[in-house]
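Single-structure report; data block below.
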Amino acid sequence: MKLDDFLRLPHSHQQEQLWFRGSVLANRYEDAHIFLLYALDLFFVELQYDALDSKLLRMSAFTSTEPLTPYLPLLPDDLLEELG
C-alpha cells in the first residue's frame, strides 16, 4: 500500500490497516500523551493518544525521516542503517 492509498481510506479503515498490517516500531511518552510509531509498507504512521482518557488525538502518516527524530534513540540499529 502506498501513502496516498492509505490517506484515501476512511479513518476506521486506516486504523484497521495499522492493527492488522502495521509493525509497531517504538512508543514514547510526553506529558500526558503516548505516541506510537508504526511502519506500514513504505511509510510511517504516528498515533498520539491522551493517556488519561485513552483517546486517540491524532494520526499522521509520512514518508519523511524528519518526524522520526524523537524516536531515533528508540529504534533498532538495523532500521537506522536502512534509513541511511
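What are the residue pairs meeting all of these: first residue in the stretch 55-84, first residue within 12 Å of F43 (Cβ to Cβ), second residue modelled with pLDDT of 85 or more and loosely packed, with under 12 Cβ neighbours inside 10 Å, Cβ atoms under 8 Å, and 6 or more apart or on different chains?
Filtered contacts from the stretch 55-84: A61/L7; T63/L42; P67/S60.
In a loop (DSSP other than H, G, I, E, B), more than 17 Å from L83 (Cα to Cα) and not small (G, A, S): does that describe L57?
Working: in a loop (DSSP other than H, G, I, E, B): no; more than 17 Å from L83 (Cα to Cα): yes; not small (G, A, S): yes.
In short, no.
Under 6 Å between Cβ atoms, at least 6 apart or on separate chains: pull out the pairs that start in the stretch 1-12 with a residue that is farther than 15 Å from S64 by Cα and end on any residue that is surrounded by 10 or more Cβ atoms within 10 Å (Cβ to Cβ).
Correct list of pairs: M1/D41; F6/A61.
Can you name the condition, by its number, that E81 falls short on among (1) closer than 19 Å to K2 by Cα; (2) not in a loop (DSSP other than H, G, I, E, B)?
In the conditions (1) closer than 19 Å to K2 by Cα; (2) not in a loop (DSSP other than H, G, I, E, B), E81 misses (1) alone.
Can you run down the residue pairs with Cβ atoms below 6 Å, 6 or more apart or on separate chains, where the first is in the stretch 22-46 and of a type in the set (S, T, Y) and the partner is assigned to a loop (DSSP other than H, G, I, E, B) and surrounded by 14 or more Cβ atoms within 10 Å (Cβ to Cβ)?
Sorted first by the residue in the stretch 22-46, then by its partner, the pairs are Y38/G22.
The values are calculated or read from the model by the stated rules, or taken from the named source; none is laboratory data. All values reported here derive from a predicted model rather than from experimental measurement. Note that we place each Cβ from the backbone using ideal geometry, even for glycine, and neighbour counts take in every protein chain shown.
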